[in-house]
Amino acid sequence: MALIQISEPGQSTKPHERKLAVGIDLGTTNSLVAAVRSGQAATLADEKGEHLLPSVVYYAKDKTRLVGKEARQHQISDPLNTISSVKRYMGRTLDDIKAKEPSLHYNFIQTDSTVPRIKTQAGEVSAIEVSAEILSVLKKRAELTLGDELTGVVITVPAYFDDAQRQATKDAGTLAGLNVLRLINEPTAAAVAYGLDKSSDGVIAVYDLGGGTFDISILRVTQGVFEVLATAGDTALGGDDFDHVIANWIKQQLGLDNSDKSLNNQVLGAACQAKQTLTTEQLANIEIEHNGIKATVELSLEQLNTLIDPLIKKTLMPCRRALRDAQIELDEVKAVVMVGGSTRVPRVRDRVGDYFKQPPMIDINPDTVVAIGAAIQADVLVGNKADSDLLLLDVVPLSLGLETMGDLVEKIIPRNTTIPVTRAQDFTTYKDGQTAMSIHVVQGERELVSDCRSLGRFSLKGIPPLVAGSARIRVTFEVDADGLLHVSAREETTGIESGIEVKPSYGLTDTEIEKMLLDSMEHAEEDIAARMLHEQQVEADRVLEALAAALDDDGDMLSTEERQSIDTAAENLAKLKTGNDDRAIKQAMQELDKVAEVFVSRRMDSNIRKAMAGHNVDEFNAQD
Amino acid sequence: MTSLAGNAVLTQNHFELFSLPVSFDLDLQQLSANFRALQQSVHPDRFANASAQEKRLSVQRAAQINEAYQTLKSPQRRARYILELQGVVFDDQSNPVMEPMFLMQQMELREALSGLKSKANPESELDKILASLKVAKKEILTQLAEQLNTPETADLDKASQLMHELQFLDKLQSESEAIEEELMDRL
């Protein structure tokens, strides 16, 4: 019978075994996977030596899917079945998408789900599934390169991503069969990649200008702890806008009109090309062919700068706002980190440097810096670096609020609040015997509900029937370390805690995720059963291993009886783990969880006391 | 055997949690050092690979520590919290009586603010208003400190009055900041 292995004190159960963990930058244009190997974080290449995976998925008629470069080859010939820049659609409703893209790029359809789907010749897919395809390819690449299954991954998201966008990203990870350890913000990841925790303490700014979005984050670094003080940004401002102003200029110079779509595309491509040329040259030659006639125009660096200056200026306003929110003066900023392909533009570097009164840091490739930071964080999260002080304390990027009477928003969690955070709000019923109510949660800074982004209506059911106004329903909003919102409710006067069911009106339901999983597998049912079993077994291993280590360290916090019942539950789990009943394993885990509750809670409090007694965590773990 | 006290940590007040005395003047460096030490020991990142139970608990504790830290870090929230610990109940709906001097000063600032947009150089005018708000706030906080460094002997009515004045200034400040955002958007 498999018993928990109790190793000598000071030894982990499986000495010297490194867990495999990677960081994934799921980008709008390109995606990357990186890992820490022999102490060095680096991006991983595919079998052809390519690091960047274009974030493009092609859905073929025979239901095969191509991801990356191969998919991109179909972009012009078969645009409706070649999905690119899917990140723009993550967590978005059809109305959101229509508002941003008056002429839709794909055949979107509204189903009964809140998540819109795209019609392809291989069936309907959501943005989440398309992202999962990209993640699966990166997962395979990592497992092939690293030689074993991954314990967990860290996926990066723009700091300005709202709750729905974060949830969609995490769902995509789950769908791809990844254990998502954490979602971290791209700017924070970049700061980690620069190793700014290892240099002297101070305030840093991360300026992240990508293709379609802009983020600025102000962080304070103190002895390995990255504390995000404020973040601001513009989700509709990026290098693509540079291309558009250049394209308009070209059309003006050449006297072209806007009516021809293919000409527009050609000009836009030329504009982007010219922008890239001007990162190293002083002059770019632009050639446009229209109706068999070639036209050329020269764009000078100076002219480019004049064109894009207003856009760069627009990025400096969020910088000012973020500094103000952080209550930081300009001269306190000791380093400025540049992230995102658009920071290759020399004028951007100059203007940002002028604003912050110092040359920005550009040593790490702005395309890979985020993935590298995520890999370092993933390595710490799985516990490969027990002596690491690295800790990321991030914030809620946008205020979370509730709809009150008259279309007004009442803020519950203001922007730039450090996560995790919990806030409670009391509600009452307005009718006798009312057993249900709906809470409309919005995200944004404006005062009117209609100006904020609706995260959805959470419906509360199962409220005990009482006289109007006498029920006191305490609704708790919790934003976890991934920046994801969880809503729970309890009726305080009767103490009915678990009876109230809270259901969000957005995002995927469990049934939908399950169906997507089924759709994604060829021999669906057996595959799914095997996968479920495997997942539970891996989880059981993890739980048992963590428990053994905890008992090793703090077993003396338990009485003999308490220890006995934990051991019994653990033995039961260890036994079931070798079988093939995933539900039984899950249940055994839940039982173990329950009997270990008191132990876990004591350990946590003891951690707190130790931390305050001047014993820091390093010392505590030093025996490892 | 270590202490078996169950949920003792959850019932501690914010000062106790950080092992600091209840006082308005606070060693801010110590506060943030203790905050980091606490988060190092309970943050969910330290339990990313732990059981569901531990993850849940760690989120709860980390949230509690964040809340305590944010409360103590901000002078204003710290003052309010000390008063609450002394049993003062703040009713945000009530309209307390204000000192005439204070009201005069308020009106002047408000007038300056409303005439702002027609000014030739609204940004520098706004900076001036924000600066005088800062001075006014600092003044009140100094007075609050006198009261709240020894909470047991504080004049609670006086302190509550000062808190209300701060709220007034806050409201003005957020209005100023809203105008600042508008100005920024216009650029």
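The values are calculated or read from the model by the stated rules, or taken from the named source; none is laboratory data. Model, not experiment: these values are computed from the prediction. Every residue, glycine among them, receives a Cβ derived from its backbone with ideal geometry; neighbour counts consider all protein chains shown.
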(request) Output the number of residues of the stretch A:378-394 satisfying the condition of being of a type outside the set (Asp, Glu), surrounded by 24 or more Cβ atoms within 10 Å (Cβ to Cβ) and more than 8 Å from chain B (Cβ to nearest Cβ). (result) 1
(request) Return yes or no: is residue B:36 over 22 Å from residue B:140 (Cα atoms), of a type in the set (D, E, K, R) and free of Cβ contacts under 8 Å to residues at least 12 places away in the same chain? (result) yes
(message) Here is a check on your reading of the model: is residue A:482 outside the structural domain of residue A:158 (by TED's automatic domain parsing), under 25 Å from residue A:417 (Cβ atoms) and at pLDDT 80 or above?
(response) yes
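Rundown of residues vs (1) of a type in the set (Phe, Trp, Tyr); (2) part of a helix (DSSP H, G or I); (3) within 14 Å of another protein chain (Cβ to nearest Cβ), yes/no style:
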{"residue": "B:87", "(1), (2), (3)": "no, no, no"}
{"residue": "B:124", "(1), (2), (3)": "no, yes, no"}
{"residue": "B:140", "(1), (2), (3)": "no, yes, no"}
{"residue": "B:146", "(1), (2), (3)": "no, yes, no"}
{"residue": "B:163", "(1), (2), (3)": "no, yes, no"}
{"residue": "B:180", "(1), (2), (3)": "no, yes, yes"}
(message) Can you pull out every residue in the stretch A:413-438 that is more than 10 Å from every other protein chain (Cβ to nearest Cβ) and either in contact with a Lys or Arg (Cβ under 9 Å, 6 or more places away or on another chain) or not in a loop (DSSP other than H, G, I, E, B) (or both)?
(response) A:413, A:424, A:425, A:426, A:427, A:428, A:435, A:436, A:437, A:438
(request) Please state which one of B:120, B:112 is small (Gly, Ala, Ser), in the same structural domain as residue B:151 (by TED's automatic domain parsing) and assigned to a helix (DSSP H, G or I). (result) B:112
(request) Can you tell me which residue among B:33, B:37 is at the interface with chain A (Cβ under 7 Å from one of its Cβ atoms) and modelled with pLDDT of 85 or more? (result) B:37
(request) Out of the residues in the stretch A:564-581 that are out of contact with any helix residue (DSSP H, G or I) (no Cβ under 7 Å at 6 or more places or on another chain) and under 25 Å from residue A:607 (Cβ atoms), state the one that is surrounded by the fewest Cβ atoms within 10 Å (Cβ to Cβ). (result) A:564
(message) Residue under question is residue A:163, and the condition is that it be buried (at least 24 other Cβ atoms within 10 Å of the Cβ) and either in contact with a Phe, Trp or Tyr (Cβ under 7 Å, 6 or more places away or on another chain) or over 30 Å from residue A:528 (Cβ atoms) (or both); does it hold?
(response) no
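Among the residues in the stretch A:293-310, are any surrounded by 15 or more Cβ atoms within 10 Å (Cβ to Cβ) and either in contact (Cβ under 8 Å) with a residue 60 or more places away in the chain or assigned by TED's automatic domain parsing to the domain that holds residue A:30 (or both)?
yes
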(message) Restricting to the stretch A:507-539, count the residues that are modelled with pLDDT of 85 or more and in contact with a Leu (Cβ under 6 Å, 6 or more places away or on another chain).
(response) 0
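Which residues, counting only those in the stretch B:40-66, are among the charged types (D, E, K, R) and more than 7 Å from chain A (Cβ to nearest Cβ)?
Passing the criteria: B:46, B:55, B:56.
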(message) Please verify whether residue A:327 is within 14 Å of chain B (Cβ to nearest Cβ), closer than 29 Å to residue A:444 by Cα and at pLDDT 95 or above, treating the condition exactly as stated.
(response) no
(message) What's the number of the only condition in (1) crowded, with 16+ Cβ neighbours inside 10 Å; (2) touching a helix residue (DSSP H, G or I) at 6+ places or on another chain (Cβ under 6 Å); (3) modelled with pLDDT under 85 that residue A:114 fails to meet?
(response) (2)
(request) Please state which of the following conditions residue A:256 fails to meet, knowing it meets all the rest: (1) part of a loop (DSSP other than H, G, I, E, B); (2) more than 30 Å from residue A:201 (Cβ to Cβ); (3) at pLDDT 90 or above. (result) (3)
(message) Just to be sure I understand, how many residues within the stretch A:168-192 are among the aliphatic types (A, V, I, L, M), surrounded by 24 or more Cβ atoms within 10 Å (Cβ to Cβ) and either assigned to a loop (DSSP other than H, G, I, E, B) or away from chain B (no Cβ under 14 Å) (or both)?
(response) 5
(request) Can you tell me which residue within the stretch A:68-87, out of those that are farther than 15 Å from residue A:120 by Cα and crowded, with 19+ Cβ neighbours inside 10 Å, is modelled with the highest pLDDT? (result) A:68
(message) It is to be established whether one or more residues within the stretch A:582-591 are in a helix (DSSP H, G or I), facing chain B (nearest Cβ under 10 Å) and crowded, with 17+ Cβ neighbours inside 10 Å.
(response) yes
(message) Step by step: first the residues of the stretch A:89-111, then only those that are surrounded by fewer than 20 Cβ atoms within 10 Å (Cβ to Cβ) and part of a helix (DSSP H, G or I), then the one that is modelled with the lowest pLDDT. Which residue is that?
(response) A:100
(request) Taking only the stretch A:388-413 into account, find how many residues are in contact with a helix residue (DSSP H, G or I) (Cβ under 8 Å, 6 or more places away or on another chain) and either within 18 Å of residue A:221 (Cβ to Cβ) or aliphatic (A, V, I, L, M) (or both). (result) 10
(request) Could you check how many residues of the stretch B:46-71 are acidic (Asp, Glu) and surrounded by fewer than 22 Cβ atoms within 10 Å (Cβ to Cβ)? (result) 1
(request) Report whether or not residue B:128 is modelled with pLDDT of 85 or more, closer than 23 Å to residue B:75 by Cα and within 14 Å of another protein chain (Cβ to nearest Cβ). (result) no
